[in-house]
2 protein chains.
Amino acid sequence: MPAPPPPPGSATVLSPGATIGILGGGQLGRMLALSAAQLGLNCHIFAPEADSPAFGVAARHTRAGYDDEVALAGFASAVDVVTFEFENVPVSTVRFLEARVPVRPGSKALGVAQDRLAEKQLARSLKATTAAFASVTSHAELVAALAVIGLPAVLKTTRLGYDGKGQAKLTAMAGSEAAWAAMRGQPAILEAFVRFRCEVSVVAARGLDGSFSAFDATENEHRHHMLHRSMVPATLSRPCADEAVATTRRIAEALDYVGVLGVEFFVCTGERGDTLVVNEIAPRVHNSGHWTMDGAVTSQFEQHVRAVAGWPLGSPALLGTGAEMLNLIGDDAADWQGILQDPSARLHLYGKAEARPGRKMGHVNRLRTELGSHS
Amino acid sequence: MPAPPPPPGSATVLSPGATIGILGGGQLGRMLALSAAQLGLNCHIFAPEADSPAFGVAARHTRAGYDDEVALAGFASAVDVVTFEFENVPVSTVRFLEARVPVRPGSKALGVAQDRLAEKQLARSLKATTAAFASVTSHAELVAALAVIGLPAVLKTTRLGYDGKGQAKLTAMAGSEAAWAAMRGQPAILEAFVRFRCEVSVVAARGLDGSFSAFDATENEHRHHMLHRSMVPATLSRPCADEAVATTRRIAEALDYVGVLGVEFFVCTGERGDTLVVNEIAPRVHNSGHWTMDGAVTSQFEQHVRAVAGWPLGSPALLGTGAEMLNLIGDDAADWQGILQDPSARLHLYGKAEARPGRKMGHVNRLRTELGSHS
């Protein structure tokens, strides 16, 4: 079967002054818009929430639901390319836009990333290791899957989960009824529990021309199912780091990806040294890449803007010898004055009015580097 | 005579979520707004021009003239502090605002910087060297001044001059009539022509608490009376660099300055080595400080935002061992694709639609540094 013809405009390269449409108005959209502005590009944010942090830094915004086809059609006609800043935009929204304007990355990548089953199947098809998994659409299937996969295991809805939501850990067969009930009838995936030494991620970009560029692999610490800290370099052997980047590249190529993506891996210690297990694919700029704003020649946000604009990718080289990113969650941001007084700290705040518990309010980057002279 | 009481609100320290009002909507205002956004602050731009580059990156803007008191009063009531991005804002505008809201830096600094005579007199009063100068308000005064100062000399209007506008070089007494005519009756200043080896500038900040922080002195090359290239480090002896910073500090303190300022110096080679001559004071972020966006821990824009917010100043330390900034003027920006392909180049474009000759369209920074590993 011949490949379908590329959609109209798929090869579009933007010029300075062009407009990038961004679906989603959170902090990732805000930081994308700031990077676009630095390169002379305009942004148009499309988001349903009135207090979207990205609205205040973009030339235009549309406040409407992702199912509002009149608003979407107007948005499509006002922008030169569309991207998204979070993976829970409906695939139908992206397909609607794709018929009108290039969307980078496209609905294919979004659809796979929204479905844990498709994500695992893709990784397996690319010869990457994943946790043992099984599709679960009934309690009977869960019981059968547990017999194969064993305990402990994690049951997750296949769709719309992040930061630990829609998950149930199973440590005994007796818990299967409650775990299945917690899925509320949604299709689910049972995953073997992976014992890992640490979690790392690769944030990388694929250009419109197929070029590929990865930032240094990042080691991540979580607290309460949310990213707490990211560090570069990761405590990872060179072959292991190379494998993580190579797997990320195969995933990006399989998805015809254009833009920045993040792939999370568990690092497991075995008899033959460290091995990597693919955990999750994020079809967007990634929290674990925020260190690049101060620690790399090109930030992940500029890199994504370059990719979706059809421009050459920038250098991912590390500035100095290492970097650390600390998330400011909820009340963590209340110490902004202390952070500002620390000359090694680079404060980033997202302009959110209310510091609710579990809400990402900002982050702090620190560079490990030999500094030059200063007065 | 006792000092007058400080104006109301003069000690105001902003919290994240507060709004900085910026007079002027050019590229400096745009880059200030981008830095403010990164720190969780909002900006409200006030400028008369419809196509102001800063409008598209700020939460709010007011398009009105600097003499529109209704618009200014509304602006003052909508912001927590006011600053300006160019020195030709009328002092009366700033005085009007100062009665309503803190303005940083204030009308005192603005007034001195707008008047070449006051600027030179201030520098002299602080024991800094300036070119020989004389006030000229008639052709007769010009002839008398030339007799003292000699030839060659430069006649300049005392007010509203930048990038070489409103200036006449005098190489013979016979040119005095034409030079005076070129002033169009404006008060002028005659300055001895300074033979200099190079020009350097110090970009520095003074905080609300009187703290002071200077970036490394920068060496500047001009073309057609406009800044072309800035380099760090400057070819300047350590004592000379220290003197430049100390002079800048004395100027900032004499002006009760809050914010970033730029002081330009001529470096003259004499029998006792290099000497410094104060050329000009810019009461704002400065084109020769654009390298700090990629080459220093804190950019001059963030530093100005910190100062006007009443926050601690950031570290001015150089990243790596040196940096270079190249202005993109007029058609220079047409090579944006070539610049994007150079991994050592950091492109900044200002979002201006039309590349008129002499118009600053963007700049390119390059770091001289040892880079870390990358994939």
If you go through A:352, A:360, the only one that is of a type in the set (D, E, K, R), more than 27 Å from residue A:198 (Cα to Cα) and touching a residue at least 40 places away in the same chain (Cβ under 8 Å) is A:352
When segment A:331-351 is checked residue by residue, the ones that are of a type outside the set (A, V, I, L, M) and touching a Gly at 6+ places or on another chain (Cβ under 6 Å) are A:348, A:350, A:351
By residue number, the members of segment A:127-141 that are acidic (Asp, Glu) and under 15 Å from residue A:152 (Cβ atoms) are none
Given the condition buried (at least 24 other Cβ atoms within 10 Å of the Cβ), among the β-branched types (Val, Ile, Thr) and closer than 23 Å to residue B:355 by Cα, answer yes or no: does some residue in segment B:22-41 qualify? no
Exactly one of A:357, A:343 is touching a helix residue (DSSP H, G or I) at 6+ places or on another chain (Cβ under 6 Å), modelled with pLDDT under 95 and closer than 28 Å to residue B:18 by Cα, and that one is A:357
Checked A:177, A:191 against criteria (over 25 Å from residue A:291 (Cβ atoms), in contact with a Phe, Trp or Tyr (Cβ under 9 Å, 6 or more places away or on another chain), more than 14 Å from chain B (Cβ to nearest Cβ) and not basic (Lys, Arg)); the one match is A:191
Residue set A:269, A:321; condition modelled with pLDDT under 95 and in contact with a strand residue (DSSP E or B) (Cβ under 6 Å, 6 or more places away or on another chain); output residue A:321
Expected single match for more than 11 Å from chain B (Cβ to nearest Cβ), on the phi < 0 side of the Ramachandran plot and not acidic (Asp, Glu) among A:282, A:323 is A:282
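Considering only segment B:162-178, state which residues are in contact with a helix residue (DSSP H, G or I) (Cβ under 7 Å, 6 or more places away or on another chain) and either in a loop (DSSP other than H, G, I, E, B) or buried (at least 16 other Cβ atoms within 10 Å of the Cβ) (or both).
Kept after step one, since they are in contact with a helix residue (DSSP H, G or I) (Cβ under 7 Å, 6 or more places away or on another chain), are these residues of segment B:162-178: B:168, B:170, B:173, B:176-177.
If the condition is that a residue be in contact with a helix residue (DSSP H, G or I) (Cβ under 7 Å, 6 or more places away or on another chain) and either in a loop (DSSP other than H, G, I, E, B) or buried (at least 16 other Cβ atoms within 10 Å of the Cβ) (or both), then B:168, B:170, B:176 are the ones that fit.
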Those residues of segment B:15-24 that are in a loop (DSSP other than H, G, I, E, B) and within 11 Å of chain A (Cβ to nearest Cβ) come to a total of 4
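Any residue at all in segment B:180-203 that is free of Cβ contacts under 8 Å to residues at least 60 places away in the same chain, touching a helix residue (DSSP H, G or I) at 6+ places or on another chain (Cβ under 6 Å), assigned to a helix (DSSP H, G or I) and not assigned by TED's automatic domain parsing to the domain that holds residue B:318? Working first, answer last.
Filtering segment B:180-203 for residues free of Cβ contacts under 8 Å to residues at least 60 places away in the same chain gives B:180-186, B:188, B:190.
Pick out the ones that are also touching a helix residue (DSSP H, G or I) at 6+ places or on another chain (Cβ under 6 Å) and you get B:180, B:190.
Right, trim to assigned to a helix (DSSP H, G or I) and you get B:180.
Next, from what is left, pick out any that are not assigned by TED's automatic domain parsing to the domain that holds residue B:318: B:180.
Yes: segment B:180-203 contains one or more residues that are free of Cβ contacts under 8 Å to residues at least 60 places away in the same chain, touching a helix residue (DSSP H, G or I) at 6+ places or on another chain (Cβ under 6 Å), assigned to a helix (DSSP H, G or I) and not assigned by TED's automatic domain parsing to the domain that holds residue B:318.
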All-but-one check, residue B:208 against (1) more than 30 Å from residue B:11 (Cα to Cα); (2) touching a Ser or Thr at 6+ places or on another chain (Cβ under 9 Å); (3) of a type in the set (A, V, I, L, M, F, W, C); (4) assigned by TED's automatic domain parsing to the domain that holds residue B:270, failing number (1)
Among strands (runs of 3 or more DSSP E) entirely within segment A:39-138, at least 2 residues that are under 24 Å from residue A:311 (Cα atoms) and free of Cβ contacts under 8 Å to residues at least 12 places away in the same chain occur in none
In this structure, does residue B:351 turn out to be more than 10 Å from every other protein chain (Cβ to nearest Cβ), within 24 Å of the chain's Cα centre (by Cα), part of a loop (DSSP other than H, G, I, E, B) and at positive phi?
no
If you go through A:234, A:214, A:246, the only one that is within 14 Å of another protein chain (Cβ to nearest Cβ), surrounded by fewer than 21 Cβ atoms within 10 Å (Cβ to Cβ) and either farther than 17 Å from residue A:286 by Cβ or of a type in the set (Gly, Ala, Ser) (or both) is A:246
* Return a yes/no flag: does segment A:8-22 have any residue that is at pLDDT 95 or above, more than 22 Å from residue A:292 (Cβ to Cβ) and under 22 Å from the mean Cα position of the chain (by Cα). => yes
Filtering segment B:235-272 down to residues that are over 22 Å from residue B:193 (Cβ atoms) and small (Gly, Ala, Ser) yields B:237, B:241, B:246, B:252, B:254, B:259, B:262
If we keep only residues of segment A:333-365 that are surrounded by 19 or more Cβ atoms within 10 Å (Cβ to Cβ) and of a type in the set (D, E, K, R), then the residue farthest from residue A:54 (Cα to Cα) is A:346
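Name the residues in segment B:62-111 that are polar (S, T, N, Q) and either buried (at least 24 other Cβ atoms within 10 Å of the Cβ) or modelled with pLDDT under 95 (or both), would you? Show your work before the answer.
Residues of segment B:62-111 that are polar (S, T, N, Q), as a first pass: B:62, B:77, B:83, B:88, B:92-93, B:107.
Those that are polar (S, T, N, Q) and either buried (at least 24 other Cβ atoms within 10 Å of the Cβ) or modelled with pLDDT under 95 (or both): B:83, B:88.
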Per the list (1) in contact with a helix residue (DSSP H, G or I) (Cβ under 7 Å, 6 or more places away or on another chain); (2) within 14 Å of chain A (Cβ to nearest Cβ); (3) without any contact (Cβ under 8 Å) to a residue 40 or more places away in the chain, residue check on residue B:365 breaks on (3)
Scanning segment B:326-343 residue by residue, those more than 7 Å from every other protein chain (Cβ to nearest Cβ) and in a helix (DSSP H, G or I) turn out to be B:330, B:331, B:332, B:333, B:334, B:335, B:337, B:338, B:339
From the option list A:281, A:251, A:339, single residue qualifying as within 26 Å of residue B:293 (Cβ to Cβ) and among the hydrophobic types (A, V, I, L, M, F, W, C) is A:339
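Among the residues of segment B:222-277, which ones are assigned to a loop (DSSP other than H, G, I, E, B) and on the phi > 0 side of the Ramachandran plot?
Hits for segment B:222-277 are B:224, B:225, B:256.
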When restricted to B:346, B:306, the only residue at the interface with another protein chain (Cβ under 9 Å from one of its Cβ atoms), farther than 30 Å from residue B:195 by Cβ, of a type in the set (D, E, K, R) and touching a Lys or Arg at 6+ places or on another chain (Cβ under 9 Å) is B:346
Considering segment A:25-38, residues that are hydrophobic (A, V, I, L, M, F, W, C) and either on the phi > 0 side of the Ramachandran plot or touching a residue at least 60 places away in the same chain (Cβ under 8 Å) (or both), and then whichever is nearest to the other protein chains (Cβ to nearest Cβ), we arrive at A:34
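Evaluate segment B:54-62: report whether one residue or more is away from chain A (no Cβ under 14 Å) and touching a strand residue (DSSP E or B) at 6+ places or on another chain (Cβ under 9 Å).
Among the residues of segment B:54-62, at least one is away from chain A (no Cβ under 14 Å) and touching a strand residue (DSSP E or B) at 6+ places or on another chain (Cβ under 9 Å), which makes the answer yes.
The values are calculated or read from the model by the stated rules, or taken from the named source; none is laboratory data. Note that this is a predicted model, so its numbers are computed, not measured. Neighbour counts are summed over all protein chains in view; Cβ atoms, including those assigned to glycine, are modelled from backbone coordinates with ideal geometry.
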